[in-house]
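Here's the structure we're looking at; comments come further down.
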Amino acid sequence: MLGGFLVIGGLGVVIGVGLALASKIFYVYVDPKIEAVEDALPGANCGGCGYPGCSANAVAIVGGKSSPASCVAGGPDVAAQIAEVLGVEITLKEPDISRPGCYYGVQDADVKYLYQGINDCRAAALLDGGAKICPIGCLGLGTCVRACPFDALSMGPDNLPVVDTERCTGCGTCERLCPKHIITLTSTSERMIGEYVTDECTAPCQRDCPTGINIPAFIQEIRNNNYESALAIIKEKCPLPLICGYICPAPCELACRRNLVDEAIAINPLKRFVSDYEMQTGKHLTPFKAPGSGQKIAIVGGGAEGLTLSYYLARLSYHPTIFEAKPQLGGILRYVIAEDRLPRKVLDHEIEGILETGVEARTNMRMGHDFDLQSLFEEGFDVIALTKGGFDSRQILKPDPSGYDASVPSVFTMLDFIYSLSKGKNIRESRRVVIIHSGLEGLELARKCRDMGAQKVTIVSSLKAHELPIELQDAKRLTAEGIIVRPSTIVTSLRGISRRLVRVAIEETDPIGELPEETMTIRADTLILAAGRLPEFVFVRSEEAEGLEPGEIAWETIESFRTFPGGNDGICTPPEPGRISDSSAVVKSLLSGRRLTRAIHRYLTDGTIPPIQHLVCEADAVLDVREVHDVSPSERERPDILDVTGDSKRAWIFPSEYPGLNEASAKKEAERCLRCGLICYRKQK
Amino acid sequence: MTDYILLVVSCIFVNNILLMQYLGNCPFLGVSKRMETAVGMGMAVVFVLVMAGAITWIVDSLLLKTFGLEYLRTLSFILVIASLVQFVEMFLRKSIPALYSGLGIFLPLITTNCAVMGVCLINIMEEYSFLQTLVTSFSYAVGFGLALVLFAGIRERIILARVPKPLQDTSIGLVTAGMLSLAFFAFKGMV
């Protein structure tokens, strides 16, 4: 009996002491804030925040990965409580609303077989992915409708789910249940900075529009007489619809599926029609503005790209300020494009609309002359973006007294650099030079820099070693000369302090061994680009700084756009003159403006800029049709030229303002639209 | 060697802990609604059962048998298994955080899993050697995971079927479990 007491008692004591010791030895520090945040959360574990439960979200919130306002179920009260725990100000989150992304029910789409099984999409999806030929089409059995905990979904007349936006809380139940991932959560902000990916339903015109306007959707709104919502859809992607209506080369119309039957829809004239409608009302459509944090952002350059960037940043509730060297905003649109093609009152109207969203503009301000990076950071700007657009950098940069440009500290285009050398200007204190170039001119310049006193010259090339000119392959000899060649390498970021460059970050694109854990940085005080223009740099304050003197500010550039992880984009893509947006048409600068917005927004909210995966870049990458059936030809509507001057010839020769479509023709034209999806389109029955 | 192979087969199939011995039915019905959780639970059981089998064998042969206290077996095993799970949880959290977060909630749940206790007692009653104990514990755990995964697969499909209202969820689950168990009876003929 006593033995039993002793053994069990002894066992208990040994285990107790062992566990006590173990809890000391294996102690893991848990931030008390995590517990406090977890207490504040409702504990419903609904998963609306995107994490598996409230405790996982609490960890993410304290770790800075999730927003204090991320709890969908808790709402603003819980957000305020969490913000108090963390001691931060809350930035309210725009609600995500679920939105179905399929436009043709099973009865209207092409199907592989007739499904008569269990009335549930998940069951239907088990049979070869569902009855539809389209791999991403709605199966229309209403699983999402039955699952919605807030009764926000119903089945519409065409067998597609319809969302009651008033009731939708954005919990994401439907998104998780839908086996085809058709119904997704989205918000206006997400659409403004989003790009099309291959697994969503897009029309050919939409994919070929450089800025990505949802063309079928806005034409649908014209058909329904909702001109204002048509304009709102356009402005989610394109802030200058009237200007584009005048001068866009309209690649969308080349892609239009109606070309297979008769003639493309007049997409651009339709866009101009709704924009004309806005201009006639004399007011600007008040755009939706997401609640935001209001950081100050400086935009250097007031052309199409800078205007786009400022417009979307303002709609995301930042405070953008445009710095323009010329007396008026508009860049190439104002100072280059003929007034016959783009009336200036149209331009003024559009710029006025952008300024109304809360954009500040300072004209007659030249970078490197009236202000520079240091002075902008001192003024309190969190981010500085360079959007010089189509103008050559030399046009707006003021040469500094030493003879070469100084808008971005110690970064030069190769032409300028060689030109100043040829005029006998010496390299000022350039000890460590980095040249991005793959050719002999780069090597020649490197040798010149060596002769003039540079200690170390690095040539960075995105080409592989064996693709370089033979002179650049002899690493041993070049090293003896003090020139290092780095093949398969891209420069991803610049780091500097106040008015000087300190380091450049490089990444190997084709590593022979293992990938470096972190991006390598090499010391550099001069960077020379082979391109004729400077890339679109985005500068932010940097925390790490070596040799920082009082009053100085450390900065770095962020990489604005990457399509896939490990992509060899860098600040100069191959072939070298690269990471500069193509400004061959205004609509292309709009796209780069939106991409910069995405980068800045992601950087300021999440701290990282994730690469976009499965980006739609070519129409071939997605499912498409080659033939169109059951569509009868009809003639394309054209602007009624005689209506304007009474004389058709005059109207074309001197089009002081050439006419757009009138309402009747616009309606007729909108009726011609086939409202295409990936493979569906409107057929005549 | 043949003995061991026979032992493994009999523990996994013939004497399957869930379907033939009816131990551990609580997690069998509780975490079998989704495949992911079933796999997680299966892994956690493999991990804990092997450790518990080994430790309880040591406690039994070194402590209880030496002092002739076999009547305290159940009591001391509960104590040992419960604290073992606690200890393993602490250890994993510190040393292998990835495994800890992978097993998640299932690790503490095992404390109350009677399959673990059952296997430990069977090991002693059958008077297995230490090595045999390790092998049977592992095999029983694999059998547990197998049954759980099979059952989860079936239940994922059952959700889609039209089940009469009174039979939904646990009821139909139990009916299915019974049928699965009948299927496993076929293995009786093997040995």
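Values computed for the structure shown
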quantity: Subset of segment A:267-308 [in a helix (DSSP H, G or I), surrounded by fewer than 24 Cβ atoms within 10 Å (Cβ to Cβ) and of a type in the set (D, E, K, R)]; calculated: A:276, A:278
quantity: Selection from segment A:318-332 of residues that are at pLDDT 90 or above and either open to solvent by 30 Å² or more (accessible area, probe 1.4 Å) or among the hydrophobic types (A, V, I, L, M, F, W, C) (or both); calculated: A:319, A:322, A:323, A:327, A:328, A:329
quantity: Residues satisfying the stated conditions in segment B:149-167, i.e. open to solvent by 60 Å² or more (accessible area, probe 1.4 Å) and either charged (D, E, K, R) or touching a Cys at 6+ places or on another chain (Cβ under 6 Å) (or both); calculated: B:156, B:157, B:162, B:165
quantity: Residue within segment A:57-71 that is open to solvent by 50 Å² or more (accessible area, probe 1.4 Å), part of a helix (DSSP H, G or I) and modelled with pLDDT of 70 or more present; calculated: yes
quantity: Residues satisfying the stated conditions in segment A:250-272, i.e. among the charged types (D, E, K, R) and over 28 Å from the mean Cα position of the chain (by Cα); calculated: A:258, A:262, A:263
quantity: Output for segment A:3-25, where each listed residue is within 16 Å of residue B:81 (Cα to Cα), within 10 Å of chain B (Cβ to nearest Cβ) and open to solvent by 50 Å² or more (accessible area, probe 1.4 Å); calculated: A:14
quantity: Of all residues making up segment B:155-170, the number that are in contact (Cβ under 8 Å) with a residue 12 or more places away in the chain and away from chain A (no Cβ under 14 Å); calculated: 1
quantity: Of residues in segment A:91-149 being assigned to a helix (DSSP H, G or I) and either away from chain B (no Cβ under 14 Å) or touching a residue at least 60 places away in the same chain (Cβ under 8 Å) (or both), the one most open to solvent (accessible area, probe 1.4 Å); calculated: A:145
quantity: Selection from segment B:174-191 of residues that are among the β-branched types (Val, Ile, Thr) and farther than 20 Å from residue B:10 by Cα; calculated: B:175, B:176
quantity: Answer from B:176, B:112 - the residue that is over 28 Å from residue A:56 (Cα atoms), away from chain A (no Cβ under 11 Å) and among the polar types (S, T, N, Q); calculated: B:176
quantity: Residue in segment A:34-45 that is farthest from the other protein chains (Cβ to nearest Cβ), counting only those that are surrounded by fewer than 16 Cβ atoms within 10 Å (Cβ to Cβ) and touching a residue at least 24 places away in the same chain (Cβ under 8 Å); calculated: A:42
quantity: Residue match in segment A:155-170 (condition: in a helix (DSSP H, G or I) and either modelled with pLDDT of 90 or more or in contact with a Pro (Cβ under 9 Å, 6 or more places away or on another chain) (or both)); calculated: no
quantity: Segment B:69-86, subset buried (at least 18 other Cβ atoms within 10 Å of the Cβ) and facing chain A (nearest Cβ under 8 Å), residue farthest from the chain's Cα centre (by Cα); calculated: B:69
quantity: Counted residues, segment A:447-476 - those being among the β-branched types (Val, Ile, Thr), over 37 Å from the mean Cα position of the chain (by Cα) and within 15 Å of residue A:530 (Cβ to Cβ); calculated: 0
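The values are calculated or read from the model by the stated rules, or taken from the named source; none is laboratory data. All values derive from a computational prediction rather than experimental measurement. Cβ coordinates were reconstructed from backbone atoms using ideal geometry, including for glycine residues, and neighbour counts include every protein chain displayed. Areas reflect the complete protein model, heavy atoms only, side chains present, ligands, DNA and RNA absent. Shrake-Rupley method; radii C 1.70, N 1.55, O 1.52, S 1.80 Å.
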